[in-house]
Structures are given as structure tokens and as C-alpha cells.
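Comments concern the structure below.
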Amino acid sequence: MSLTLDYATIDEIAAEIDDELIGVRRDIHRHPELAGDERCTSALVAERLHAAGLAVATGVGGHGVVAVLDGAGDGPTVAYRADMDAVDDDELYDCAFTSQVPGAAHLCGHDLHTAIGVGIALVLARLRKRLNGRVVFVFQPAEETCEGARSMIEDGILERTAPREIYALHCGPLPVGMLAVGPGQPGQDRLRIDLAGPDAADDAKRLVAMIDGLSTVGRPQTPGQLQQLMDDMQTPDGPLARFVFALSHVSPGDDGARVYAGCGPGPRAGMPRSVTRCGAGWVSSPVPG
């Protein structure tokens, strides 16, 4: 048999397991688990992948799951990574599969990311005789606290599997069936600034405005702006060949206010980080009368 894959065969198999994957996603959405507590989610993932014939390891860096699929031919090792944890918040949507866990909900799409990862594994498992190389599936715990990736790396996942490339995705408000490619979240730096004192709320608002003002590209507000952004990102040496994007928000702190900020992409984020540190010192210091 020729070691080639074709879209028609992939689509056919995906259609056959479509209802199963919808059920997986809704099960995960209905029973969300917070960072570091992904016991049932990881067990569900491991059971599905083991049943499909993959070599499955559990308890990697906490509740992480790693599954390996070897093809029939020689080739590179590539990986797909999905996050499994839910957000520490209440459900926002009233639907047939709404969260049954108070204070936990899949508001960031990790239920989708995980179900998609399971789906990719199930499809490729049925096509392993036509697959070259090895595919590693990494299901990461504790993404929301930024601890899961570090724990899995410290557990030796990259050394043991040695993928040439790692792929991931994040769901977004795009038309059904459309994928967008960009530098993405791996290049972002995130930080938290705690402000105290009677003026903390006002100081936080000023700091957020300053951080957001560092962006050289705005957040798209319409489908047309989103399409233009996608076009610019794919244009070599175009308007977005170099850019900085900064986004922040305020939430109540223990004794004041808390500012969360993200800056990216990686090498170009030094300026936002430096100015943010200066801004934090400014708003936290007494203003001369």
C-alpha cells in the first residue's frame, strides 16, 4: 500500500467519528476540571487513545497524557499539543451540555482543543499503514496557571519524544471550516501586577491604558479588519513584518487591584515589558503633592 494520505480518505474517516468527538467535547465541557485537577479529563483521553492502539503514558508532569503513534514508514517525529484544564469561573452559556461544576467552566476552548487532539489521533490511527514517521500527542494539564508545560518539560517529555515540530491551535471567532495561521501565543510574555492603596483602581486603569497604548497593531473589530490582519500577517516584509501587540485588563485584588498583561511576539516584547515595569513603579509610588 502506498504510504500517502489523501484528503478524501481523511474526511471520510473524520465524518464517521464526528458524533463520537462531539460527545467527547460535550462530556469534557459538562465536567470541567481546574488546573492541576484534570483527573477525569486525562483518564477519558487516555482511554480513547489506548483503545485506538496508541502507546499511552499518563501522569506526565501531573495529569499530562502523552500518546505515540508510529506509522508504517520512516519519517520525522511531529507532535500535536492540547490543553485540558478549565477556567476558574462560572458557566456563561445555557446549553444542553452546560458545566455541572460551580466555579469551573471551559470558557477558553480547552474542551475543543482536547477533543480535536483525540480526533486527530483516532483518524491517523486508522491510517497508520499509510503514515510516514511518528506522531506524538501531548495533552497538557495546568495551562491556565502556566505550570503544566514546565512540569511536562521537566518530566523529560521533549527528550523522550524529540519532536521536530509541535503543532497546536486555539479556537476563535472564524467561519466554520476556516483556519488562520499566525505567530500565536507561544511568543507571548505574560505578567501580573498587584496594586495596593486607596487609589489602586484608578492607578490600574491608567496602567492598562498605557500598556494597551504600546501596541503597534489594533485588535480587529469587524470581519473585514480580521481578514486584513490575516492578509498582512501572511505578506512577506509587509505591514506586520515587525509588530508589538499588548493587551491588559483589570480585576479586583486582595487589597486593591490586579493588572494582567500579555505582550508579544517574543523577541520584540522587551520594550513593552520594560515600560510596564516602569509603569508599575510609577503608579505604585506616592505622587508628589
Quick check, is LEU54 over 21 Å from LEU169 (Cα atoms), in contact (Cβ under 8 Å) with a residue 60 or more places away in the chain and buried (at least 22 other Cβ atoms within 10 Å of the Cβ)?
yes
Only one of ALA204, ALA209 is of a type in the set (A, V, I, L, M), surrounded by 14 or more Cβ atoms within 10 Å (Cβ to Cβ) and not in a loop (DSSP other than H, G, I, E, B), namely ALA204
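Per-residue answers, yes or no, for (1) touching a residue at least 24 places away in the same chain (Cβ under 8 Å); (2) assigned to a loop (DSSP other than H, G, I, E, B):
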site	(1), (2)
PRO76	yes, no
ASP90	no, yes
THR98	yes, yes
GLY117	yes, no
LEU124	yes, no
Inspect region 170-181 for any residue being within 21 Å of TYR80 (Cβ to Cβ), in contact (Cβ under 8 Å) with a residue 60 or more places away in the chain, in contact with a Ser or Thr (Cβ under 9 Å, 6 or more places away or on another chain) and surrounded by fewer than 17 Cβ atoms within 10 Å (Cβ to Cβ) and give the result as yes or no.
no
Which condition breaks for ALA79 when tested against (1) under 16 Å from VAL135 (Cα atoms); (2) surrounded by fewer than 21 Cβ atoms within 10 Å (Cβ to Cβ); (3) small (Gly, Ala, Ser)?
(2)
Number of the condition not met by THR145 [criteria: (1) touching a Lys or Arg at 6+ places or on another chain (Cβ under 9 Å); (2) modelled with pLDDT of 85 or more; (3) assigned to a loop (DSSP other than H, G, I, E, B)]:
(1)
List pairs: first residue in region 7-23 and surrounded by 13 or more Cβ atoms within 10 Å (Cβ to Cβ), second residue not in a helix (DSSP H, G or I) anywhere in the structure, Cβ distance under 8 angstrom, at least six positions apart or on different chains.
THR9/LEU127; ILE10/LEU127; ILE13/LEU127
Here the residues within region 126-142 that are closer than 16 Å to SER42 by Cβ and assigned to a loop (DSSP other than H, G, I, E, B) are PRO141, ALA142
Filtered residues of region 1-51 (kept if part of a loop (DSSP other than H, G, I, E, B), hydrophobic (A, V, I, L, M, F, W, C) and under 24 Å from GLU91 (Cβ atoms))
LEU34, ALA35
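The values are calculated or read from the model by the stated rules, or taken from the named source; none is laboratory data. Because the structure is a prediction, the values reported are computed rather than measured. Every residue, glycine among them, receives a Cβ derived from its backbone with ideal geometry; neighbour counts consider all protein chains shown.
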